[in-house]
Every structure is written in structure tokens, then in C-alpha cells.
Amino acid sequence: MDANAVVLAILDALNAANIPFMLVGSLSSNAYGIPRSTKDADLVLQLGNWALHQIFGKLPPGFVVESQIGFETITSTTRYRIQYAPLPFTIELFELSGDPHDQLRFSSRIATTYLGAKAFLPRPEDVIITKLRWFQTDPRRVKDIEDVRNVIAVQTTQNLDLPYIRHWTDQHQTRELFEKLLAETPKI
């Protein structure tokens, strides 16, 4: 089983359990920008009344759920980690937070397919907004800035809802950084 098969197994389990989810992190920026390699897959889940054991029970053998539930400081939400033991690849599941932007990006997610499975992605604008927030929280996350540049380059300003991005970057105090990246990023 390779990394794609690991992600597909998680998607199949989420779909089988009817748990609302969204691919985020590098998987979402790869969908809208220039793809890069990654050592993990990040998903946001709207658990509501669902229990995670519904997912874990639908995974094939070899998946190990980290027993320690974590609190993610970057996203300010609960995080669960799943490892497929033979690979250095991690699945991180984040509970949907109550943050107004997180709620909006989840409610406006886009239905798609990923590796042939039913999946959901945030809009490209929400990828930009979120990655700028993550970088602001931890400036060592340089990959997030590169992801933003790549999404801007591929999507171009004609395809992006700039007033929406500017509204949320004003809210999160990342507007200056966004405008700098927007001005210096060549469009593909």
C-alpha cells in the first residue's frame, strides 16, 4: 500500500460512515496550485453525533490510531493521528472548529473526486486564507507561503474572489502579506 492507497482507505471509511469531511493542507493546495510531495494528509471532519470508531472500524489491517488525542495549536482544534505502520505517512483528522471562517469554508466546500473516491475540497480562496493564517501562527511554516504563491499563480486573479480573500485576510491580520504575495507572484 502506498500513500495514495492510504488516503483512499481513509476516504472510503469516511464515506462509508457518512461523516462530512474536507481535504485540507497540501492535498487542497495541490488541487489548486502546483503539486508538491507531502508526508501527511490532513482532513477536517464535522463529527456531530458521529463517533470516530465508525471510521477506525472500517479501515483495513495495518492502520494504527494514535492513542493520545491531541490539541492542535495551529488550527485550535482536536486532532487525531492515524498511521499506516509500513509507511512514513500520517493521516491527521481535525475536528471542525467553531471559528467563523472555518465554519464558512466547510459549508462552502466543493464536491469532487480524489483518487476515484467521493471527496470535498475548500474553495481555492479558503486555501489561501487558511494557509496565511497558519503561517502567521507559525512563521516556520514556509511551505504554506509557497503553497499560497502556487495557488495564486495557477488560479490567477481573474479566477479568485479577491474581495472575499481581502475580507478574511483583514479579519485575520494577514492582508499585508496577501497583497505582497499577490503582487510578486507571476501568473501561470
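Here the chain is treated with +1 on each Lys and Arg Cβ and -1 on each Asp and Glu Cβ, and its dipole about the Cα centre works out to around 200 debye. Could you please state, rounded to a whole Å, how far the C-alpha centre of the range 105-131 is from the C-alpha centre of the range 1-27? Taking the Cα centre of each part, the range 105-131 and the range 1-27 sit 13 Å apart.
With springs only between Cα atoms under 10 Å apart, run a GNM on the chain and tell me which of Asp126, Asp42, Asp138 wobbles the most. Comparing Asp126, Asp42, Asp138 in a Gaussian network model of the chain, the most mobile one is Asp138. When you filter the trypsin sites (Lys or Arg not before Pro) in the range 96-146 for DSSP loop state and at most 10 other Cβ atoms inside 10 Å of their Cβ, you are left with Arg140. Please compare each pair in Lys58/Lys118; Lys131/Lys187; Lys39/Lys180; Lys118/Lys143; Lys143/Lys180; Lys131/Lys180 to a cut-off of 23 Å on the Cα-Cα distance and tell me which ones are over it. Violating the 23 Å Cα-Cα cut-off are Lys39/Lys180; Lys118/Lys143.
Here Asp2 and Gln54 are evaluated by their C-beta separation; at R0 = 35 Å the FRET efficiency comes out at 0.90. Rolling a 1.4 Å probe across all protein chains gives Leu52 an accessible area of roughly 20 Å². Amide H neighbours of Asp40 under 5 Å, counting only residues 5+ apart in sequence or on other chains, H built in-plane at 1.01 Å? Counting only residues 5 or more places away or on other chains, the set is Thr90.
Dividing the convex hull volume of the alpha-carbon atoms in the range 1-41 by its residue count gives 66 Å³ per residue. Taking the empirical scaling 2.2 N^0.38 Å for compact globular proteins as reference, the chain has a Cα radius of gyration ratio of 1.02. For the chain, the carbon plus sulfur part of the accessible surface works out to 52%, probe radius 1.4 Å. Among Ala16, Ala31, Ala119, which one shows the biggest mean-square fluctuation in a GNM of the chain, springs joining Cα atoms closer than 10 Å? The residue that fluctuates most here is Ala16. Charges on Cβ only, +1 for Lys and Arg, -1 for Asp and Glu, centred on the Cα centroid of the chain; of Thr156, Ala41, Val24, which one is farthest towards the dipole's positive end? Projecting each Cα onto the dipole axis, the largest value belongs to Thr156. Taking every protein chain into account, the accessible area of the chain amounts to 48 square angstrom per residue (probe 1.4 Å).
The values are calculated or read from the model by the stated rules, or taken from the named source; none is laboratory data. Note that the structure is predicted; figures quoted are calculated from it, not measured. Cβ: placed from backbone, ideal geometry, glycine included. Neighbour counts: every protein chain shown. Protein only, heavy atoms only, side chains kept; ligands, DNA and RNA dropped before computing areas. Shrake-Rupley method; radii C 1.70, N 1.55, O 1.52, S 1.80 Å.
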